[in-house]
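Written out below as structure tokens is the structure these notes cover.
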Amino acid sequence: MEYSILKISYQEKTAVVTISRPAALNALNTLFFTEMDDFLDTLEKRDDIKVLVITGEGKAFVAGADIAEMSGMNSEGGYRFSTTGQRIFDRLGKLKIPVIAAVNGYALGGGCELAMGCDFRIASKNAKFGQPEINLGLIPGYAATQRLSRLCGMGNALYLLMTAETISAEEALRIGLVQKVTEPELLMEEVMKIAGRIASNGSHALQSIKEVTRKGMEMTFADGSELESKSFGWLFDQPSTKEGMKAFLEKRKPEW
């Protein structure tokens, strides 16, 4: 399908999705979810892409969900809007490849939830984060009540959810919401360097790290460790692992 909100580009082994509704600060609407769903269908079929980067156009990453669309909803519509967003953001976590949020500006409400749905977040110094839904008499709908506490701890999560405070990139870094902060003009350069570093590794190991780490969050420590051991063993039968160890012994770069 042709996209009117998403701009897609490819740089070597990395796909870059830019959300482009700058006049609405890239607010998330039903069409966004439809387009992202379709793009992920396409991406899942490609073996040549090893990293996905998501960013926003203009001064916002995503400033929230589209309140103009939400204002006419009843309880059934609100439920569908919530579960649709949750399903799409869950797909990011289930992708075999790493997903990086390049947060270039406002990441509020649904935008913060989208960023949290990615595997990790790199932010420019002018990025702002928050969950202001309570100011509308609402709660988050795209799993912020679940992800924020897992990423930042219960106290930090409840504080942000209940006060609707907007925090800086540096504060987001301090509480573990983001992993690195850059100068605004260097954000995409830094993110693409990170993506390239990740993409230079073997695909099977990358997929295993993501799968075991994410699934392990929902398991006991013992069960998660068992899953790790099974994945560790499985990798020994993969050609990429054999090449990686052979290259190390031969003191050369592996040819994946």
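Computed over the chain, the per-residue total of -39500 (n - 2.57) for DSSP H runs of n ≥ 4 gives a 222 nm mean residue ellipticity of -15000 deg cm²/dmol, rounded to 500. Taking the convex hull of the alpha carbon positions in the stretch 208-256 and averaging its projected area over all directions gives 3.8 nm². This model, with +1 at the C-beta of Lys and Arg and -1 at the C-beta of Asp and Glu, gives the stretch 28-148 a dipole about its Cα centre of some 460 debye.
Simple spin-label estimate for S20 and K215 gives 3.8 nm between the two label positions (7 Å along the Cα-to-Cβ direction from each Cα). Phi angles across the stretch 120-130 convert, under the Karplus curve 6.51 cos²θ - 1.76 cosθ + 1.60 with θ = phi - 60°, into 3J(HN,Hα) values of 7, 10, 10, 10, 7, 5, 8, 5, 10, 10, x Hz, Gly and Pro given as x.
Placing dummy labels 7 Å off each Cα toward the beta-carbon, the span from E170 to A222 is 4.6 nm.
Selection among A102, G77, F89 by position relative to the dipole of the stretch 72-127 gives A102 as farthest towards the positive end (Cβ unit charges, Cα centre).
When the chain is treated as a Gaussian network with alpha carbon springs shorter than 10 Å, the biggest mean-square fluctuation among T213, T55, T145 belongs to T213. Each label point was placed 7 Å from the Cα along the Cα-to-Cβ direction; for T83 and N201 their separation is 3.6 nm. On the stretch 33-132, 49 percent of the accessible area sits on carbon and sulfur atoms, based on a 1.4 Å probe. Compared with the alpha-carbon gap, the fully stretched path from T163 to K230 is longer by 19.8 nm at 0.36 nm per residue. For the pair L31 and N126 in one chain, pulling the backbone fully straight at 0.36 nm per residue adds 31.4 nm over the alpha carbon distance.
Projected over all directions and averaged, the alpha-carbon convex hull of the chain occupies 15.0 nm².
For the chain, the longest principal axis of the C-alpha atoms and the axis of helix 187-199 are separated by about 40°.
With angles folded into 0 to 90 degrees, how steeply does helix 239-249 sit against the dominant principal axis of the chain? Use alpha carbons for both and round to 10. Approximately 60 degrees, to the nearest 10. Heavy-atom accessible surface of the stretch 20-137, averaged per residue, reaches 40 Å², computed with a 1.4 Å probe.
The alpha carbon centroids of the stretch 221-237 and the stretch 96-153 are separated by 30 Å. Within the shell of other residues whose beta carbon sits under 13 angstrom from the beta carbon of S208, the net charge comes to +2, with Lys and Arg scored +1 and Asp and Glu -1. Take the Cβ atoms of S71 and I8, set R0 to 22 Å, and the FRET efficiency comes out at 0.15. According to the Kirkwood relation over distinct C-alpha pairs, the hydrodynamic radius of the stretch 119-256 is 17.9 Å. With a 1.4 Å probe and every protein chain left in place, tell me how much accessible area Y79 has, in Å² to the nearest 10. Around 150 Å² of this residue is reachable by solvent.
The values are calculated or read from the model by the stated rules, or taken from the named source; none is laboratory data. Computed from a predicted structure; not experimentally measured. Because the Cβ atoms are built from the backbone with ideal geometry, glycine has one as well, and the counts that use them run over all protein chains shown. Each accessible area value is taken on the protein alone, full model and side chains, heavy atoms only, with ligands, DNA and RNA left out. Shrake-Rupley method; radii C 1.70, N 1.55, O 1.52, S 1.80 Å.
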